[in-house]
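As structure tokens, the structure follows; a few thoughts come after it.
All of the numbers you see were taken from the coordinates with simple rules; none came from a lab. Just so you know, these numbers come straight off a predicted model, no measurement behind them. Because the Cβ atoms are built from the backbone with ideal geometry, glycine has one as well, and the counts that use them run over all protein chains shown.
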Amino acid sequence: MVGAGNLARALAVSLRCAGYKIEAVMARSRGASLRKAQKLAKETGSRASVIPVETQADVVWFCMPDAEIAHAVRVLAAEVDWTGKVAFHSSGALTSDELGALRQRGASVASVHPLMTFVRDSRPSLAGVPFAIEGDGVAVTVAHRIVNDFGGHSYAIRKIDKAAYHAWGTFASPLFTALLATTEQVASVAGVKPREARRRMIPILRQTLANYSALDAAGAFSGPIVRGDVDTVKRHLRVLRGVPAAREVYLALARAALRYLPAKKKTKLENALGSARRR
């Protein structure tokens, strides 16, 4: 495994629990990167090293930021006999061609990306997580087997769809988190501090996700827009003048709601949003 960040930690533990042996955790450099690799190696019964390094592993999995994959591939391409090996990377946006230098040296390559969020102080289980896979035939077959072994759900994706797929994932988690951060700013206008706002919002967030899961987006949609309550929307926009960035988010999401979700008095709501934008 190349890298020891948030994804690598979750992946290595899941692989170990599924019965796979982690031969080595490779760090990009000494210092903090190597210390992370050493910690993960200890946890998974493997060794830590700094690339470039020879490896006897049948599968090499690159788990690192997109911008660093190409460099790691170039460094390892000349150090390892890639004949018959399988190489994966877990970028959501890049295709398996990012590993092309290894393919030229005899490896079968694939991109294997989990639709999941990984942050420093959380290590989610990968059981039940969907993995989008594309690449060479042998590598794809191996990837499907490994993902299924630790309880994930694997499916094929076309190279041409990777960027849109990753944008979708970005809406589902990072930009959703940005919306929550914006929501805290609006709470402050109502006199509620961020920590207390988070505590109070959890029940409605959980129920919203439960409704979305059970009923779809249209069935989960509530509030003044679905009711066609134009006056309430206007009140929101007036009070949000004090938080311009949040007002812009409100306008964008309200327009999305009118486009994709059920609403009464759509024309009047569109006029109210247009008038607010012009101001």
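The table below lists the values:
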read-out: Cross-link reach list, lysines versus LYS264, counting only Cα pairs under 19 Å and skipping chain neighbours closer than eight places; value: LYS234
read-out: Pair LYS193, ALA214: separation of 7 Å Cα→Cβ label points (nm); value: 3.5
read-out: Rounded to 5, percent antiparallel among DSSP beta bridges of the chain; value: 20
read-out: 26 Å Cα-Cα threshold exceeded, pairs from LYS21/LYS85; LYS193/LYS265; LYS39/LYS159; LYS193/LYS268; value: LYS193/LYS265; LYS39/LYS159; LYS193/LYS268
read-out: Trypsin sites (Lys or Arg not before Pro) restricted to the stretch 1-69 and DSSP loop, no more than 12 other C-beta within 10 Å; value: LYS21, ARG30
read-out: Estimated vicinal HN-Hα couplings, Hz - the stretch 124-131 in sequence order (Karplus 6.51, -1.76, 1.60; Gly, Pro = x); value: x, 5, 9, 5, x, 7, x, 10
read-out: For the stretch 6-159, share of DSSP beta bridges that run antiparallel, in % to the nearest 5; value: 25
read-out: For the chain, calculated [θ]222 nm from helices alone, where every DSSP H run of n ≥ 4 adds -39500 (n - 2.57); value: -17500 deg cm²/dmol
read-out: Full-stretch length increase - THR83, LEU258 - with 0.36 nm per residue and alpha-carbon distance subtracted; value: 57.5 nm
read-out: Aspartates and glutamates whose Cα lies under 14 Å from that of LYS42, excluding same-chain neighbours fewer than 8 positions away; value: GLU23
read-out: Three-way shape call for the stretch 173-278 based on the alpha-carbon gyration tensor, with the a/c threshold at 1.5; value: oblate
read-out: Span from the the stretch 108-169 Cα centroid across to the the stretch 12-41 one, whole angstrom; value: 19
read-out: Pairwise label distance in nanometres, GLN104 with VAL138, each label 7 Å out on the Cα-Cβ vector; value: 1.9
read-out: Cα-projected label distance for ARG241 with ARG47, points at 7 Å along beta-carbon direction, nm; value: 6.9
read-out: Contour excess over end-to-end distance, with Cα ends at LYS234 and ALA127 and 0.36 nm allotted per residue; value: 34.0 nm
read-out: Segment ASP97-ALA156, length gained on full extension (0.36 nm per residue, minus Cα span); value: 19.7 nm
read-out: Within the stretch 47-64: backbone nitrogen closer than 18 Å to the LYS21 label point (7 Å, Cα to C-beta); value: 47-49, 54-61
read-out: Among VAL119, VAL50, VAL140, residue whose mean-square fluctuation peaks in a GNM of the chain (springs only between Cα atoms under 10 Å); value: VAL119
